[in-house]
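Have a look at the structure below before the remarks.
The values are calculated or read from the model by the stated rules, or taken from the named source; none is laboratory data. Since we're looking at a predicted model, the values are computed, not measured. Neighbour counts are summed over all protein chains in view; Cβ atoms, including those assigned to glycine, are modelled from backbone coordinates with ideal geometry.
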Amino acid sequence: MAEQKSWQARIGEATDKLAQSFVESISYDRRMYKQDIAGSIAHATMLAKVGLINDGERDKIVEGLKSIERDIEAGTFQFDESLEDIHMVVEDALIKRIGEPGKKLHTGRSRNDQVATDLMLWAYDATEKISAVFGDLMRAFVALADRSASVVMPSYTHLQRAQPISAAAEALAWASAFDRALQRFHIFADVFEWPLGSGAIAGTSLSVSREDSLWFAGRAGLFREGLKLSPSSIEATASRDVAADFTYSLAMTAMWLSRFAEQWIIYMTTEFSFIKIADKYTTGSSMMPQKKNPDMLELIRGRCGLVYGDLVALLTILKGLPIGYNRDLQEDKRIVFRAYDTVSSCLTMAAAIVNSANFIKENIEPTLERGFLDATSLAEYFVTKGVPFRTAHQIVGALVARCEKEGKYALAQLKLEDFQKAVADSGAKAEISKDVFDALGARNVVNRYQSAGAAGGEPLRRQLDDWKKRLGM
């Protein structure tokens, strides 16, 4: 006779194999085994403290759970799909190992609050792991900035040339973007709440102490300080905000990865030729022998769509559920794990690519004076001479139009008298001298930047120093 599940007594007939295969989640939620066991140890320790089990039973439960964890990590543990999920698999193994005390572990809890707790603890652990991968990528960008500090390049708005910048500034811009993406994980983790002890939906009449299970879990180092109890047993077991917030953080990370990939794909074209990455992160063509394609970057860009799909899938599952646990919620883990794996692998690949990359100075700088990148700098020079900015903007716009009409490609090709006359014709009173040429030319402009966070000059040197210090470089 097949062994009955813990809930089988109420059901008139055994679950058939098709249904059993359909409802199981052990094939993917087994990756929460550490969190399930850690939460169960905290729960058992609490049960002993409030007198619902004795100290000897607690010790047997704790040692039994630890032995299961050792076997899982050694690869000798057998996961039984018929037991549906990681919670029932661990409990069944515990009872087989220690007997009656194992049957007392589930006192005062349900799989509903158990899975909410496991998922929260898993998200904490995953945040710590992905933080290390983010760190690798940020260090790669900072190292790229350090070796690119002497390269001056165009920046782009509307994909049109804008102002000159140091290539180091663009590298640090990506580091800043991924730093913010990482902080989202920590921000959401700071508002997590401890659901264990909420039971199936309404709590329990037993004298459990949720405060103690939280304290024991905190002492075991399962989360950062400051975690609070969830205030409502109903909401705690119905909510998947942890899953949604975590997946949203992953989706935002995927968005930045995709934007980075797109930028570098453009920079690697023959038309730009701004960036070179290692050949091992490119592929060839099966037909065209000259090709070197940025397939890894393209796949990073493409996989962003998968993570967006995961976020929308999760939100769609949640949107129609009444408050309380529903089996639909089982699907959250499949989604969260998949999104996490996708983003983690893309972050790792991005870091490898950036570590191999260099800006190609000899391709970038010969065309720097094309596109009037110093136009804003000239307007700001006029401002320092007392010309209102809006008037200065009009003067420089007219000078750029004049250059284009006369076949000139740079403002520095004009004469001092041209600048003086343009200012005088505007009605502004300002003394324009030969120092106007100090404000022209891409490299001059980059060295003149003064505002905090600017893309050149002393502000950029401070940024780079701060990043290196922060990342221990």
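Only one of these is at pLDDT 95 or above, under 32 Å from the mean Cα position of the chain (by Cα) and closer than 30 Å to S239 by Cα: K129, K104. Name it. Break it down into steps so the answer makes sense when it comes.
On the way: K104 fails: under 32 Å from the mean Cα position of the chain (by Cα).
From the options K129, K104, the qualifying one is K129.
Here's a check for you: in region 170-214, which residue that is crowded, with 21+ Cβ neighbours inside 10 Å and polar (S, T, N, Q) is farthest from I323 (Cα to Cα)?
S213
Just for region 73-101: of the residues that are free of Cβ contacts under 8 Å to residues at least 40 places away in the same chain and within 32 Å of the chain's Cα centre (by Cα), which one is nearest to G197 (Cα to Cα)?
E73
Report, ordered by the first and then the second residue, all pairs with beta carbons closer than 8 Å, sequence separation of six or more or different chains, a first member in region 452-464 that is assigned by TED's automatic domain parsing to the domain that holds A168, and a second member that is buried (at least 19 other Cβ atoms within 10 Å of the Cβ).
Partner pairs satisfying both residue conditions: none exist.
For the subset of region 267-282 comprising residues that are of a type outside the set (F, W, Y) and in contact (Cβ under 8 Å) with a residue 60 or more places away in the chain, which member is surrounded by the most Cβ atoms within 10 Å (Cβ to Cβ)?
In this case the residue turns out to be I275.
To keep it simple, each residue is scored yes or no on (1) at pLDDT below 95; (2) under 20 Å from G226 (Cα atoms); (3) out of contact with any helix residue (DSSP H, G or I) (no Cβ under 7 Å at 6 or more places or on another chain).
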| residue | (1), (2), (3) |
| --- | --- |
| F188 | yes, yes, no |
| V191 | yes, yes, yes |
| W194 | no, yes, no |
| A202 | no, no, no |
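Would you point out the residue of region 381-424, among those that are assigned to a helix (DSSP H, G or I) and of a type in the set (F, W, Y), that is surrounded by the fewest Cβ atoms within 10 Å (Cβ to Cβ)?
F389
Please tell me if M88 is at pLDDT 95 or above, in the same structural domain as N326 (by TED's automatic domain parsing) and under 25 Å from L47 (Cα atoms).
Considered against the rule, which asks whether it is at pLDDT 95 or above, in the same structural domain as N326 (by TED's automatic domain parsing) and under 25 Å from L47 (Cα atoms), M88 comes out as no.
Among the residues of region 147-158, is any in a strand (DSSP E or B) and among the hydrophobic types (A, V, I, L, M, F, W, C)? It would help to see each step written out before you state the result.
The initial filter retains those residues of region 147-158 that are in a strand (DSSP E or B), namely 152-157.
From what's left, among the hydrophobic types (A, V, I, L, M, F, W, C): 152-153.
The answer is yes, given that some residue of region 147-158 is in a strand (DSSP E or B) and among the hydrophobic types (A, V, I, L, M, F, W, C).
Quick one: is L222 buried (at least 21 other Cβ atoms within 10 Å of the Cβ) and either in a loop (DSSP other than H, G, I, E, B) or in contact with a Lys or Arg (Cβ under 7 Å, 6 or more places away or on another chain) (or both)?
yes
Mind checking which residues of region 235-256 are farther than 18 Å from V312 by Cβ and part of a helix (DSSP H, G or I)?
Passing the criteria: E235, A236, T237, A238, W256.
Contact list please: Cβ distance under 8 Å, first residue in region 200-216 and in contact (Cβ under 8 Å) with a residue 40 or more places away in the chain and over 17 Å from V115 (Cβ atoms), second residue among the β-branched types (V, I, T) and part of a helix (DSSP H, G or I), pairs at least six apart or on different chains.
Filtered contacts from region 200-216: D212/T45; F216/I41; F216/T45.
Just checking, does region 238-257 include any residue being in contact with a Gly (Cβ under 8 Å, 6 or more places away or on another chain) and either small (G, A, S) or outside the structural domain of K319 (by TED's automatic domain parsing) (or both)?
Yes, region 238-257 contains at least one residue that is in contact with a Gly (Cβ under 8 Å, 6 or more places away or on another chain) and either small (G, A, S) or outside the structural domain of K319 (by TED's automatic domain parsing) (or both).
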